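The values are calculated or read from the model by the stated rules, or taken from the named source; none is laboratory data. As the structure is a computational prediction, the values presented were derived from the model and not from experiment. Ideal geometry is used to build each Cβ from the backbone, glycine not excepted, and the neighbour counts take in all protein chains shown. Just so you know, the surface numbers come from the protein's heavy atoms only, side chains and all, with ligands and any DNA or RNA stripped out. Shrake-Rupley method; radii C 1.70, N 1.55, O 1.52, S 1.80 Å.
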Amino acid sequence: MTKHVAVLMGGLSAEREISLRSGTACAKALEEQGYRVTPVDVGHDVASVLAPLKPDVAFNALHGRFGEDGCMQGVLEMLRIPYTHSGVLASSVAMKKDVAKVVMAAAGVPVPKGRVVHRLEAAKAHVLQPPYVLKPISEGSSFGVFIVKGDQAHPPQELMREDWVHGEVMLAEQFIAGRELTCAVMGDKALDVIEILAADGGWYDYHAKYAKGGSKHVLPANLKGNIYQEVQHLAIEAHKALGCRGVSRADFRYDDRPDGTGELVVLEVNTQPGMTETSLVPEMAAYAGFSFGELVKWMVEDASCDR
């Protein structure tokens, strides 16, 4: 019997548009793989929509709050619908960047030094010695992220805006100079490593992530063999430490400058990485021999519940 897959997309977070792009691409690929597919634009009524649909699997293509932070996973557990990606606890922990850092560090995964601050405190005066990074503890796609440079006299005043929507709590982290790397884990295996170069020479912000031509992906990354293997090893260790399943993607900074520290750190783990035409995981999977259709099929067949 043909498996019925509900592709969850859209949602209520700041990443809604990216999720719609991910979900549309995944739904099309799953139909081509022979599944019966129902796209679901997720709102507050998602439980009442899914209950009568009774899909065999939910493909979770949501990003951001309510979609990858354990909330949607909890709804799917209650409905007893197997779903892709990580479960309730892993999703919740990974989404809370400050908590995820503590868990990863306890498992021996290197992470940047930092502290949690209220956004208004971060706006008044430097909370760390510049350069440093300020990011909301529960956002994705680089929303609300600031790089505070060494010559910057004042912290970003955008944090004082009355229409700020990215949460009241920020994570301040030391800025690690050097190279931007990323590595996905698929099941229990690490895929190859990509180095990300923003087209404008800046950092990997929202535009670099999602605009065509916004970034250049070097695959495989040009790294010394021991460093390449260490990135893959740490991606797996971070995946395991957070309790992830299915596909995840770990982001790294590596300071290999001639006068640098040689530091390699995990910035964060994405439990539901983007699946758009410019996304990193499909690119890594293709390099490993998986077409986009084969990748999403693998994810559907890997789906389960935590119960």
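Some notes on this structure:
- Identified option (computed Kirkwood radius over Cα pairs in Å; candidates [x] 18.9; [y] 20.4; [z] 19.8): [z]
- Once the Cα atoms are used to define both axes, helix 97-106 deviates from the longest principal axis of the chain by about 80 degrees.
- Sites excluded, chymotrypsin sites (Phe, Trp or Tyr not before Pro) in DSSP loops with at most 15 other C-beta within 10 Å, longest stretch of the chain: 1-163
- Rounded, prolate or oblate (a/c below 1.5 giving rounded, otherwise prolate when a/b exceeds b/c) for the stretch 4-84 by Cα gyration tensor: oblate
- Efficiency of FRET between Met78 and Trp164 - r from beta-carbon atoms, R0 45 angstrom, step 0.05: 0.90
- Solvent-accessible area, 1.4 Å probe, carbon plus sulfur percent, for the chain: 54 percent
- Axis of helix 292-302 versus longest Cα principal axis of the chain: the two differ by about 70°, to the nearest ten degrees.
- Debye, to nearest 20: dipole size of the chain, +1 on Lys, Arg Cβ, -1 on Asp, Glu Cβ: 300 debye
- Summary of the geometry: the stretch 134-182 and the stretch 34-49, compared by the centres of their Cα atoms, lie 34 Å apart.
- Projecting the Cα atoms of Pro258, Cys183, Ala238 onto the charge dipole of the chain (Cβ charges, centred on the Cα centre) puts Ala238 farthest toward the positive pole.
- Placing a pseudo-label 7 Å from each Cα along the Cα-to-Cβ vector at Ala286 and His154 gives an inter-label distance of 4.5 nm.
- Whole-Hz couplings from phi, Karplus 6.51/-1.76/1.60, listed for the stretch 146-153; x for Gly and Pro: 10, 9, 8, 7, x, 9, 7, 5
- For the stretch 114-174, the Kirkwood radius over C-alpha pairs fed into Stokes-Einstein at 10 °C and 1.306 mPa s yields D = 140 µm² per second.
- Accessible surface, the chain, averaged per residue in Å² (probe 1.4 Å): 44 Å²
- Qualifying lysines (Cα of each under 27 Å from Cα of Lys124; at least 8 residues distant if same chain): Lys96, Lys97, Lys101, Lys113, Lys135, Lys149
- Using a probe of 1.4 Å, the accessible surface attributed to Arg179 totals some 40 Å² when neighbouring protein chains are kept in position.
- Summary value for the stretch 4-84: 40 percent relative contact order, contacts being C-alpha pairs under 8 angstrom separated by 6+ residues.
- For Arg257, the solvent-accessible surface computed with a 1.4 Å probe is close to 110 Å², ligands and nucleic acids excluded.
- Taking Ala285, Ala61, Ala51 as the candidate residues, the one with maximal mean-square fluctuation in a Gaussian network model of the chain, Cα springs under 10 Å, is Ala51.
- Using only side-chain charges placed at the Cβ, +1 for Lys and Arg and -1 for Asp and Glu, the dipole size of the stretch 66-110 relative to its Cα centre rounds to 80 debye.
- Gaussian network model of the chain, Cα within-10 Å springs - most flexible of Arg161, Arg36, Arg80: Arg161
- Assigned charges on the beta-carbon of Lys, Arg, Asp, Glu; the stretch 114-174 dipole about Cα centre (debye): 160 debye
- Exposure ranking of Cys183, Cys305 by accessible area [1.4 Å probe, largest first]: Cys305, Cys183
- Largest GNM mean-square fluctuation across Ala177, Ala153, Ala90, computed for the chain with C-alpha springs under 10 Å, falls on Ala153.
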